[in-house]
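The block underneath contains the structure these notes are about, expressed in structure tokens.
The values are calculated or read from the model by the stated rules, or taken from the named source; none is laboratory data. These numbers come from a predicted model, not from an experiment. Here the Cβ is made from the backbone with ideal geometry for all residues, glycine too, and neighbour counts use every protein chain on show.
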Amino acid sequence: MRKTIAARGATLAMAWSCWLLTASRSEAVTMTFGAAKDATLYESATGALSGGGEDGFFAGRTVQVAAEDARRALIQFNLSSIPAGSTINSVSLRLSVLRTNATSPRAMTLHRLLGDWGEGTTVDPDRPNGGSGGPAANGDATWIHQFRPGDLWSTAGGDFSAAASATTNVPTSGAFTWNTSSGLVADVLGWVNDPTSNFGWLIKDAENTAGTSRRFASRENSVANNRPLLTIDFTPPVVRTPGDVNNDGAVNAVDAALLAAAYGTTTTANNFDLGEFSGDGIVGVADLAILQRNFSPLAQASPATVPEPGSALLAVSAMACAGVVAIRRRRRAG
Ligand SMILES: [Ca+2]
Ligand SMILES: [Ca+2]
Ligand SMILES: [Ca+2]
């Protein structure tokens, strides 16, 4: 069973909360994300240009002055709604080309960014042409700045992983996608498990031919369907219910019997497989109390993991558990 959630802005956290409430076992989930920020690095030795507030962002080489004609696009997504420890199944990024002088498709690559950057609100005053950027403001990313004016990239043109995470042929107009790849999956996995490392991707052309640049619709674009869209399919980590010794999704007499069988055992803290839920490393009264609190005999257990014994044996097991506890309590009281 698969659930699909479109997660944007303030609705994202709520959507995820609702999913958690309705999720049973670990199911694959598909979520879509709009960009948290996007901007362009305009080639400029002084970092004079930016355009983070534009309705488009650019990659490739323009037909402007050769020393300043390279453009690199930056894009980042907030993935905080994907729980750490999830398995990332697939990742794809869709953009839309709004404008180009090129007449044929062009390979462009996604590279994991290695440092943070500012989006700012600068727009190019030369509209609708654009492509040359506007006067950079403080806080903007530029060719030499992560954040203007003082925070510089180690290397002009941005700090990014040399290895491409994905490659696709970018058309001359319309929507296109970087399909899932091991590189994209690895990037997202790393960001989900360590959000402080999530600086997004840099979109790069080989930059060996003038006139290849594309203007992509940015997150500020007025046409929602043209904005960047990241799609991630993932399987969240299994969250075990305290009391569910056999990990079948239900807390019932079977678990009580298993706990009874391990009663008094010293083990590692939170070894649910033995019935240690309280974290003290001993299967004991505290664990039984937790099991009782979460006891849900009517909950649906996974058929594949329900043991063979019939209901009579289950009842006996539960009684055995209760008996063990009573005996030990009497011993301690004596
Ligand atoms: Ca932007
Ligand atoms: Ca169980
Ligand atoms: Ca315990």
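Going by what's in this entry, would residue 6 be described as part of a helix (DSSP H, G or I), modelled with pLDDT under 95 and more than 16 Å from ligand 2 (Cβ to nearest atom)? Criteria not met by residue 6. Among the residues making up the stretch 229-277, those that are part of a strand (DSSP E or B), of a type in the set (S, T, N, Q) and more than 14 Å from ligand 3 (Cβ to nearest atom) are 231, 235. Restricting attention to the stretch 245-277, the residues that are within 32 Å of the chain's Cα centre (by Cα), on the phi < 0 side of the Ramachandran plot and more than 7 Å from ligand 2 (Cβ to nearest atom) add up to 7. The test for being among the acidic types (Asp, Glu), assigned by TED's automatic domain parsing to the domain that holds residue 153, at pLDDT below 95 and away from ligand 3 (no atom under 16 Å from the Cβ) does not hold for residue 43.
Scanning the stretch 240-283 for residues that are buried (at least 18 other Cβ atoms within 10 Å of the Cβ) and either within 16 Å of ligand 1 (Cβ to nearest atom) or acidic (Asp, Glu) (or both) yields 244, 248, 255, 276.
Residue 62 - would you say it is in contact with a Phe, Trp or Tyr (Cβ under 6 Å, 6 or more places away or on another chain) and under 22 Å from residue 128 (Cβ atoms)? It is false that residue 62 is in contact with a Phe, Trp or Tyr (Cβ under 6 Å, 6 or more places away or on another chain) and under 22 Å from residue 128 (Cβ atoms). Flag not set for residue 227, criterion: of a type in the set (Lys, Arg), farther than 30 Å from residue 86 by Cβ and surrounded by 14 or more Cβ atoms within 10 Å (Cβ to Cβ). Residues of the stretch 284-294 that are more than 15 Å from ligand 2 (Cβ to nearest atom) and crowded, with 17+ Cβ neighbours inside 10 Å: 284 alone. Which ones in the stretch 103-124 are surrounded by fewer than 18 Cβ atoms within 10 Å (Cβ to Cβ) and among the hydrophobic types (A, V, I, L, M, F, W, C)? If the condition is that a residue be surrounded by fewer than 18 Cβ atoms within 10 Å (Cβ to Cβ) and among the hydrophobic types (A, V, I, L, M, F, W, C), then 107, 114 are the ones that fit.
Of all residue pairs spaced 6 or more apart or on separate chains, those with beta-carbon atoms under 9 Å, a first member in the stretch 91-108 that is touching a residue at least 12 places away in the same chain (Cβ under 8 Å) and a second member that is acidic (Asp, Glu) and crowded, with 20+ Cβ neighbours inside 10 Å are 91/187; 98/55; 106/205; 107/205; 108/205.
Residue check: residue 94 meets all listed conditions (1) surrounded by 20 or more Cβ atoms within 10 Å (Cβ to Cβ); (2) out of contact with any helix residue (DSSP H, G or I) (no Cβ under 8 Å at 6 or more places or on another chain); (3) not β-branched (Val, Ile, Thr) but one, namely (1). As a summary of the residue check, residue 57 satisfies the conditions (1) more than 25 Å from the chain's Cα centre (by Cα); (2) at pLDDT 95 or above except for the one numbered (1). Across the stretch 141-179, the qualifying residues are those that are touching a Lys or Arg at 6+ places or on another chain (Cβ under 7 Å) and part of a loop (DSSP other than H, G, I, E, B), and the one among them that is surrounded by the most Cβ atoms within 10 Å (Cβ to Cβ) is 142.
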